[in-house]
Amino acid sequence: MKKICSLVIGILVSTGMMAGEPSPPASQLIARLKKIQKKGMMVGHQDDPVYGHNWKWDKGRSDVKDVCGDYPAVMGFELGGIELGHKENIDHVPFDRMRQEIINQYKRGGVITLSWHPSNPVTGKNAWDPSGNPVKEIFPGGSQYQKFKVWLKIIAGFFNSLKTPAGKIVPVIFRPWHEMEGNWFWWGSQGTSPEEYKKLYILTYHRLTDLYKCDNLVWAFSPNSGIDDYMKYYPGNHYVDLLGIDLYDFDHNNAVYEKNLRHDLDMLQCLGRQQGKLIALTETGAQTLPDSTWFTQVFWPIAKKYPICYSLFWRNAWDSPKELYIAAPGLSVEKDFKVFAEDKRTLFDKDIEKIK
Ligand code: BMA
């Protein structure tokens, strides 16, 4: 008996868990997301509380809330620029404001997801510059390894700073190195082999998790729509908690979007079941929202058939008018979005706040 007990304790200690100890914040969030997913799909919006259609930097404001009376259940924020020590991200959102909004969203029971478009470590240009073989250079022995280690330390510092005034650490969904099979980002397929990509994801995971003890990260993997072999760049089940896809309609073509949505969600549903992972549309939307019934007639009739944890509609960009992806007061899609929001299975902040 004694022997068995010490064996069990040995296992618990070696896995970092002791009976009676709360599980890490990330595991708590994963369990909560699974519960929420049974109720419906959370509606998400990038940069929701910091700017929107025709406004910026107001406090307490949100295009989604102005239309349907509640904040989106998921808010997305962007970390690009933090690695350079900048005070504002690449879309000019101050990191201090972002931290505050993340904490506000957590306190009202909402969920947070973070993306990162770091600059090209070799050329110093932005994330959309794939030149200079940067991925090869950031591994041990490479010319940018020291710099990359500092970047990860900085980003870990931000994750570890996400604490409520009472000292509670805020769990977030972290979605690094997205749309990797495309050729536009420096970590993308242009100069990076699948093996190098996996190494990059795993290196990031280990340094943040093991070295900097960021136990508040739920890890998302999100290729772009149209990927033939979803597992080609997949770093492995140990490193990923949520399977996503980024899918847009940039061309005002409902039929193509619908076809892609069905295709992507069929694939995600199947893989999610197979691998036992959550699934989500990690970025989506119809650019400029020209169809005034897009939410109820195009998106939702398909999306509602799948067990998607959330859909993150991209930003209503203050600095780029064509980047408009969710309803705001005065837009032709406003009424339609209200109907979409009234559906029992579309979830906003108040719908999930009691699901612990
Ligand atoms: C992209 C675009 C860019 C933006 C970036 C990071 O998809 O919206 O304008 O800078 O995301 O938010």
Original post:
Just one of the numbered conditions (1) without any contact (Cβ under 8 Å) to a residue 24 or more places away in the chain; (2) surrounded by 14 or more Cβ atoms within 10 Å (Cβ to Cβ) is not true of residue 219; which one?
Top reply: (1)
**OP:** List every residue pair whose Cβ atoms lie under 8 Å apart, where the two residues are 6 or more positions apart in sequence or sit on different chains, the first residue falls within the stretch 310-324 and is in contact (Cβ under 8 Å) with a residue 24 or more places away in the chain, and the second residue, located anywhere, is within 11 Å of the ligand (Cβ to nearest atom) and among the hydroxyl-bearing types (Ser, Thr, Tyr).
**Re:** 313/325; 314/248; 314/325; 315/325; 316/325
**OP:** Could you look through the stretch 92-115, keep only residues that are surrounded by 21 or more Cβ atoms within 10 Å (Cβ to Cβ) and outside any helix (DSSP H, G or I), and pick out the one that is nearest to the ligand (Cβ to nearest atom)?
**Re:** 115
Original post:
If you check 90, 112, which single one turns out to be at pLDDT 95 or above, in contact with a strand residue (DSSP E or B) (Cβ under 6 Å, 6 or more places away or on another chain) and under 29 Å from residue 163 (Cα atoms)?
Top reply: 112
Original post:
Of the residues that make up the stretch 290-304, is at least one under 21 Å from the mean Cα position of the chain (by Cα) and β-branched (Val, Ile, Thr)?
Top reply: no
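With the condition being more than 16 Å from the ligand (Cβ to nearest atom) and surrounded by fewer than 17 Cβ atoms within 10 Å (Cβ to Cβ), I'd like the helices (runs of 4 or more DSSP H) fully within the stretch 300-356 carrying at least 3 qualifying residues.
Qualifying helices (runs of 4 or more DSSP H): 334-342.
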**OP:** Kindly indicate which of 215, 251, 210 is in a helix (DSSP H, G or I) and farther than 22 Å from residue 268 by Cβ.
**Re:** 210
Original post:
Can you name every residue in the stretch 124-143 that is more than 19 Å from residue 82 (Cβ to Cβ) and exposed (fewer than 13 other Cβ atoms within 10 Å of the Cβ)?
Top reply: 131, 140, 141
Original post:
Within the set of pairs 6+ apart or on separate chains, which have a first residue in the stretch 259-275 that is closer than 17 Å to residue 222 by Cβ, a second that is modelled with pLDDT under 95 and in a helix (DSSP H, G or I), and C-beta atoms under 6 Å apart?
Top reply: none
**OP:** For residues that are among the small types (Gly, Ala, Ser) and part of a strand (DSSP E or B), scanning just the stretch 266-297, find the one that is nearest to residue 45 (Cα to Cα).
**Re:** 285
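The values are calculated or read from the model by the stated rules, or taken from the named source; none is laboratory data. As the structure is a prediction and not an experimental result, all values here were calculated from the model. Cβ sites come from the backbone with ideal geometry, for glycine too, and all protein chains shown count toward neighbours.
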